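Since the structure comes first, as C-alpha cells, the remarks are kept for the end.
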C-alpha cells in the first residue's frame, strides 16, 4: 500500500521563529519518500532514465535499511538517495537542519545548535538549495531558504547600497583645504587683528608646535591665525592626517572606516568631523558648505544587510556597531573607496 504524502503549506506560512512551515513540510515529504523502506514505487534509473528496474535487496545506512535497485537497461545499481543531499554519509540532526533552512540564522548559530562546523553547515545549505531547484525548477521553494543568508545563495545578486556612486566633492575639499593651510601656515607675516581689525600687528613668537603667534599694537591682544576658529586648539602633530581627512567629508562613509584610513581613533575622527562642519558653517553661514558633509552615515530603512539582504532591519549594538534584527549578524557601513584621477569614489565590491 502506498503511503499518503503529507500535505504541504504554501511558501510564506512562517512560525514565530521565522520557519517557513510550507518548506519544512515539502522537504519532509521528499525525505520520507527517499528514505522509504519499500521497493515500491520503483524509481527511474538516474543514469539512463530507464524504466525497466528490478529490486536488488537492501543497504544499511545511518538513516536505516534502504531498498536498492538495478537498471536492466544499463546495469546501474542504485538507491533512491543517489544524487541527492541525503547521499551524504552522516545525516546529522536532519529534522533540525530542515526546520532551520527557512529561518534567518547564521551558519555559526546553526552550527552551534547542530554540533557542526559553520563551513559544513554552509556547504550543506548550498547542496540543499541545488536539490530544491531540481525538484522545483521555478525556484519558489529555493527562495524560501534563509539559513546562512547571501553567502549560501547559489548566485547572490549584488546588493544595492545607496552610497555606491558617491564621489568626493572637489569644491568642498579645495575650499576647506585652502583655508586649513592658511590657518596653519608657518609664515611670520602678521595678519590683521581678529578682534579690532587693526593691521598694526607683529610676530610675537611660536607655539611648541611651531604655529606663529602675533600681537596687536592697537588692542594689545595676542592671537594666532587659528584664533576665533574651531581649529584653535588642534595639535600640529595631527595636521597631515586632518588634511587627508578633509577629502572624506563629503563621502557617506562610517566614522570608524575613515578613522582607520587616516590613522586616528573613532572618537577623534568624530571630533574632527564636527570641527570641520562648524568651520564650514563659519566660512559659509548660509550652510552651503556644511550641507555637503555626509561623513558619519548610519543605516536607514533602505540599507540592506550584507548577509541576508533584508532592508530596514539594522539596529544599533552598543560597542559593536550595527546588527541585523532579521539574521542577527553584526555588520558595518564600510564601503569600497577608490581614487580615480585624484577624486575619491565609493564603488561596489564587485567593481
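The values are calculated or read from the model by the stated rules, or taken from the named source; none is laboratory data. Computed from a predicted structure; not experimentally measured. Here the Cβ positions follow ideal geometry from the backbone for every residue, glycine too, while neighbour counts run over all protein chains shown.
Which condition breaks for residue 65 when tested against (1) surrounded by fewer than 16 Cβ atoms within 10 Å (Cβ to Cβ); (2) at pLDDT 95 or above?
For residue 65, the failing item is (2).
Among the residues of region 328-340, is any out of contact with any strand residue (DSSP E or B) (no Cβ under 6 Å at 6 or more places or on another chain), touching a residue at least 60 places away in the same chain (Cβ under 8 Å) and in a helix (DSSP H, G or I)?
No: region 328-340 contains no residue that is out of contact with any strand residue (DSSP E or B) (no Cβ under 6 Å at 6 or more places or on another chain), touching a residue at least 60 places away in the same chain (Cβ under 8 Å) and in a helix (DSSP H, G or I).
When only residues in region 142-170 that are part of a helix (DSSP H, G or I) and in contact (Cβ under 8 Å) with a residue 40 or more places away in the chain count, which is farthest from the chain's Cα centre (by Cα)? Before the answer, list the steps.
Our first condition is that a residue be part of a helix (DSSP H, G or I); within region 142-170, this holds for 142-144, 150-152, 170.
From the residues that got through so far, the ones that are in contact (Cβ under 8 Å) with a residue 40 or more places away in the chain too are 143-144, 150-152, 170.
Working: 143: 20, 144: 21, 150: 10, 151: 11, 152: 14, 170: 28 Å.
Top of the filtered list is 170.
On the basis of being in contact with a strand residue (DSSP E or B) (Cβ under 8 Å, 6 or more places away or on another chain) and free of Cβ contacts under 8 Å to residues at least 60 places away in the same chain, does residue 79 make the cut?
The answer is yes for residue 79.
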